[in-house]
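Here is the structure we will look at.
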Amino acid sequence: MTKTRREFTPEFKREAVALLESSGRPQTQIAAELGIQPSMLRSWRAIQHGGQPRSRAGQATSSPAAASSLPSPADQAAEIARLKRELDRTRMERDILKKAIGIFSEPSK
């Protein structure tokens, strides 16, 4: 029985690396939650930071994404969309906290 190789979208890879870098949690924990191997997450992070992942033989693998130091317009659009979602969530949390402050700062009757 052969296993099929899973393919991950560039957006999934970027989001996984962003989660790893922003959460402060161990790489193995993030990888387990995403259902991937820690080595895959390490490789994706290396590519995003301009490095090249190492193959098992120790040689750098060639990647078109690593060859360009400037993000593509699609990458920029994906990052903008992610930041907009994050901003919307942060605004919602701020509004909830403002309402809570108003409720708790009212004088007791």
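The values are calculated or read from the model by the stated rules, or taken from the named source; none is laboratory data. Predicted model, so just to flag it, every value in this text is computed and none were measured. Note that each Cβ is placed from the backbone with ideal geometry, even for glycine, and that neighbours are counted across all protein chains shown.
State whether one or more residues within segment 8-27 are modelled with pLDDT of 90 or more, small (Gly, Ala, Ser) and over 10 Å from the mean Cα position of the chain (by Cα). No: segment 8-27 contains no residue that is modelled with pLDDT of 90 or more, small (Gly, Ala, Ser) and over 10 Å from the mean Cα position of the chain (by Cα).
Filter segment 70-109 down to the residues that are among the small types (Gly, Ala, Ser) and assigned to a helix (DSSP H, G or I), then identify the one that is farthest from VAL17 (Cα to Cα). Only one residue tops the list, namely GLY102.
Somewhere in segment 73-81, is a residue modelled with pLDDT of 65 or more, more than 29 Å from GLU7 (Cα to Cα) and of a type in the set (A, V, I, L, M)? Within segment 73-81 (the criterion being modelled with pLDDT of 65 or more, more than 29 Å from GLU7 (Cα to Cα) and of a type in the set (A, V, I, L, M)), the answer is no, since none of the residues qualifies.
Within segment 27-52, no residue that is surrounded by 18 or more Cβ atoms within 10 Å (Cβ to Cβ) sits with its Cβ atom under 7 Å from a residue that is assigned to a helix (DSSP H, G or I) and of a type in the set (Asp, Glu) at 6+ positions apart or across chains. Look at (1) within 13 Å of ILE47 (Cβ to Cβ); (2) at pLDDT 85 or above; (3) of a type in the set (S, T, N, Q) and you find that SER69 fails only one, number (2).
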